[in-house]
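A quick write-up on the structure given underneath.
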Amino acid sequence: MRRVPVLVICGSLLLAVGCGEEGTPERRLPAAPAGVTASAGSATTVHVMWNRASGEPEIAGYEVYRGTTKVEDVPGGTHMVDVTGLKPSTPYVFTVRARSTGGDLGPPSERARATTPAAVAADGRAPDRPGSLDGTVVGSRAVQLTWERSADDRGVVSYDILQGDSKVHSVGGGRTAAVVTGLRPGTRYSFTVRARDAADNVSAASEAVRLTTAPGSDGGRGTAPTGFRASAGRADGAYHIDLTWVPPNADGVITEYEVHLDGRPATSLVWGGTAPRGRAEYSFYVGREAGVTHRVRIRAKLPDGTWGGFSAERTVTTG
């Protein structure tokens, strides 16, 4: 299996660390937010999402930019925002920067592009309320929601997902399903869905679906990578393990993974370019000795900043 150059070891993450004039280490800047996406919510709004930053330094907030103009400032516990007041039929470029509790601003994220749809003149009719909202608990920290498509005389552009009275997610008008992660174990939640058209008319909320996440920790099996495979190979006198898997369904971009070898963390991976939404692959070095048996599994960092469940464990033997 070929090696995959787009993955880098976590030590190569963009962490701006230097030394002052007298050799004193400078403060570490936040990394650029990963997994930034943008999608039109109406003719005048765009929904921007990114992966919640974790680790050091602690994040106090995020700044969202339209081109070079800062348009939103949100707290560190938030990783999505609706940018409003936009023009119809217009392409936009968005970036996000993280700000530490010390006030240091990190570098901008990769650019996310979205084009607002055309405005519809004299459209005062809201879409019909979404029907048949249903939900499935996915372990202790996530749920999957499905609903029937809403009807609208001009077409539905997006759906808002609400947890109680708070909007927690948004998906495009062609979608009728969403995954909500970052929930607490053993907790009862109420979800509703609203439809939105290009004129920003919003439907009545759907019937609520009430779900209780599984108690305790089940390892987050519903958020684990699937189709996990591992095999041993040899090149230049050394052995390596080749991995392939399908990223978990988390309604966001998975950019970071952790590989466990023989029950312990072996390496963390971060996609340096566009992260795959289909099957992913990676190879790593395990030594020069033949006949050594290893156990390997992998887990993903979800867009909400939490670790998902572990994949199935595979056993491979060098040589």
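Taken together, the values in this text are just the output of simple stated rules run on the coordinates, not laboratory data. Only a predicted model underlies this, so the values are computations on that prediction, with no experimental measurement involved. Quick reminder, even Gly has a Cβ in these numbers, built from the backbone with ideal geometry, and neighbours come from all protein chains shown.
Worth pointing out:
- Dipole of the range 31-115 computed with +1 at Lys/Arg Cβ and -1 at Asp/Glu Cβ about the Cα centre; of T45, V81, A34, farthest Cα towards the positive end is T45.
- For the range 222-317, Kirkwood radius (reciprocal of mean inverse C-alpha pair distance, Å): 13.7
- Karplus-derived 3J(HN,Hα), 6.51/-1.76/1.60, for each residue of the range 301-315, Hz, glycine and proline x: 8, 6, x, 7, x, 9, 7, x, x, 7, 5, 4, 8, 10, 10
- With the simple spin-label model, which puts each label point 7 Å out from Cα in the Cβ direction, the D262 to R229 separation comes to 2.6 nm.
- Projected over all directions and averaged, the alpha-carbon convex hull of the range 50-163 occupies 9.7 nm².
- Mean-position separation - Cα centroids, the range 290-304 and the range 41-113, in angstrom: 32
- Sequence-ordered 3J(HN,Hα) estimates for the range 28-37 from the Karplus curve with 6.51, -1.76 and 1.60 and θ = phi - 60° stand at 7, 7, x, 6, 5, x, 9, x, 6, 10 Hz, glycine and proline given as x.
- Taking the charge dipole of the range 131-212 about its Cα centre, with +1 at Lys and Arg Cβ atoms and -1 at Asp and Glu Cβ atoms, the residue from S170, S150, N201 reaching farthest to the positive side is S170.
- The shape of the range 118-210 can be summarised by an equivalent ellipsoid whose semi-axes, obtained from the alpha carbon gyration tensor, come to 27, 11, 11 Å from longest to shortest.
- According to the Cα-based calculation, Rg over Rh for the chain is 1.02, with Rh computed by the Kirkwood formula.
- Counting Cα-Cα pairs of the range 31-115 in 5 Å increments starting at 0 gives whole-percent bin shares of 3, 17, 29, 25, 14, 8, 4, 1.
- Within the range 197-263, GluC sites (Glu not before Pro) in DSSP loop having at most 16 other beta-carbon neighbours inside 10 Å: E207
- Fewest-first sequence of V120, V64 by Cβ atoms within 10 Å of each Cβ: V120, V64
- In this Cβ point-charge picture (+1 for Lys and Arg, -1 for Asp and Glu), the chain has a dipole of about 680 debye about its Cα centre.
- Bins of 10 Å from zero: percent of alpha-carbon pairs in the range 164-250: 12, 30, 26, 16, 10, 6, 1
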